[in-house]
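Step one of this worksheet: look at the structure below.
Computed from the coordinates by the stated procedures, all read-outs in this text should not be read as laboratory data. Everything quoted here is computed from the prediction, not taken from an experiment. We place every Cβ from the backbone using ideal geometry, glycine too, and count neighbours over all the protein chains shown.
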Amino acid sequence: MADGDYVLQIKEISKDFPGVKALDRVSINIRSGSVHALMGENGAGKSTLMKCLFGIYDPDSGEIILEGRPVHFSNSRQALDAGISMIHQELLPIPLRSVMDNLWLGRFPIRRAGPFKLVDQKKMYEDSAALFRDLNMDIDPKIWVRELSASKMQSLEIARAVSNKARVIIMDEPTSSLTEHEVSLLFDIIRRLRSQGVAIIYISHKIEEILAISDEVSIMRDGRHVGTFSAGELTTDAIIKYMVGRDLSHRFPPKDNVPGELLMEVKNLSSARARSFRDVSFTLRRGEVLGIGGLVGAQRTELVESIFGLRPIAEGRILINSEEVTVKTPGQAKTRKLALVTEERRATGIIPMCSVKDNMLLANIGRYVGPPLGLINEKKGEQDALEKIRALNVKTPSSKTLIRDLSGGNQQKVLFARWLLTEPDILILDEPTRGIDVGAKYEIYSIIIDLAKQGKSIVMISSEMPELLGVSDRIMVMCEGRVTGFLDGKTATQEEIMRLAARFESVRN
């Protein structure tokens, strides 16, 4: 295909950081009116490449050609003005302002009132309503953003990109917080944009989505461009092999842990909140991986956060080693040898401006504070951090590296390390592989099963049914706050999980 057929050409882009070659002469061509997927493991260079394209990073070498003309962006404003928009994975709207305020932020329409300049509210509303009509989005421009669902917030970001007259829109993990129905609505919008000649660069770890929505797929590995393929010629196995450089036909490690004696019993637990979980009972054995499945609204996160003391419980009992325990705070949960790795890694997990070491020590900081002055024993903390970095194979230049500079999979390993330093007996994992590529997922699965072999008990929430089947010894399924069934991890099927996830009928363990 001739160069003139491409709306965007990325040519021989390289970018180095101290001790790391993030991009090594990457070249990718994007056609107008197409969905071009960008895939690769965390740390493969996808985000760095997009930040170079969007003016956040300055590439060390190479060039970017937009509609046949070389361009160089010193900041994101220049990229936006040139017709390139980027929708980041973590949406950051202003919740206490209206939809239209968010939509036109920084470029409000102005009207004159004598010597004064005022925001033209009428024009802003009319322009917003017209834009939403053109995109077939059912959003009221006047409501506050905090009232929007995750999918409508995503739609708002897309509308903002279109309002900038974007010819290229970068979407970074756009479905990470969406339900299946919301994903379908997003795909309808993407197809409409494609038909209008807009080029979409679509970054995702979800292979099924990539194959469903993309025209072409570019795959990166270790900062290099592996190749660009027609989506129609790819399979899931082929994509995985290109991404990780090895055959991952065995996507899960062998489940060779052997559950032992009864460790925890949850009996008739009900939330103090209305319309949450009710009358939940289950058991957990030492060295067992108990998966929890269910659809959006099943109240799985609410359940485990209540067990960990983050939410109030109205009634029910929790027994550990046959002793009834009271857990009203995370501090009490820690003393009972419970640990929780939360679902929202960026929002409630990592502290991005702190180092890998400081993030690891956070939940157990008292262990490193001692006499005579109550200072932190830096030497002991460094030793423990380095031991966990080695044990969990955390890929980081040093323990002093800011955690924000690590890939998602390595950030997740740091969170595992944080809680393992508290020496828990029960480790609760809420969506432990969310936003993590297939190679890093295998490492997380291996860590989970190794911990079970060491006698740790694992409670794992997952919305990915293959993951539940591949890692769990037993699977508890919930629907609308009730337990609807238990399945043997060795014999269960996706169909059985889905049937129970959609059945509102409480059962007992």
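Brief remarks on what is shown
- The stretch 437-509: trypsin sites (Lys or Arg not before Pro) falling in loop per DSSP and having at most 16 other Cβ within 10 Å: Lys490, Arg503, Arg508
- The loop-placed trypsin sites (Lys or Arg not before Pro) in the stretch 208-259, going by DSSP, that have at most 10 neighbouring Cβ atoms within 10 Å of their Cβ come out as Arg246.
- Under 30 Å of direct C-alpha separation, and excluding same-chain neighbours fewer than eight residues apart, Lys51 reaches these lysines: Lys11, Lys15, Lys21, Lys152, Lys165, Lys206, Lys241, Lys357, Lys395, Lys400, Lys413, Lys441.
- Between the stretch 72-110 and the stretch 418-446, the Cα center-to-center distance that results, in Å: 34
- Dipole axis of the stretch 352-420 (+1 Lys, Arg; -1 Asp, Glu on Cβ), positive-most option in Leu406, Pro352, Gln383: Leu406
- Ordering of 391-399, 232-240, 212-220, 263-271 by packing [mean C-beta count within 10 Å, highest first]: 212-220, 263-271, 391-399, 232-240
- Working from label points 7 Å from Cα in the Cα-to-Cβ sense, the Thr491 to Asp81 distance is 6.8 nm.
- Taking the DSSP beta bridges with both ends in the chain, the antiparallel portion is around 60 percent.
- Gain on full extension, evaluated as 0.36 nm per residue between Gln454 and Ser14 minus their Cα-Cα distance, stands at 154.0 nm.
- Annotation: Cα Rg of the chain relative to the compact-globule expectation 2.2 N^0.38 Å equals 1.05.
- Lys, Arg +1 and Asp, Glu -1 on Cβ, resulting dipole of the stretch 352-420 about Cα centre, debye, nearest 20: 120
- Applying 0.36 nm per residue to the separation of Arg111 and Ala502 and subtracting their alpha-carbon distance, the gain on full extension is 135.4 nm.
- Fully extended contour minus Cα-Cα distance, from Arg25 to Leu295, at 0.36 nm per residue: 92.9 nm
- Kirkwood estimate for the stretch 90-138, i.e. one over the average of 1/r between Cα atoms, Å: 12.1
- Extent along the principal axes, Cα only, for the stretch 352-420: 38, 23, 18 Å, with the longest axis given first.
- Only Lys, Arg (+1) and Asp, Glu (-1) charged, at Cβ; the chain dipole about Cα centre in debye: 1180
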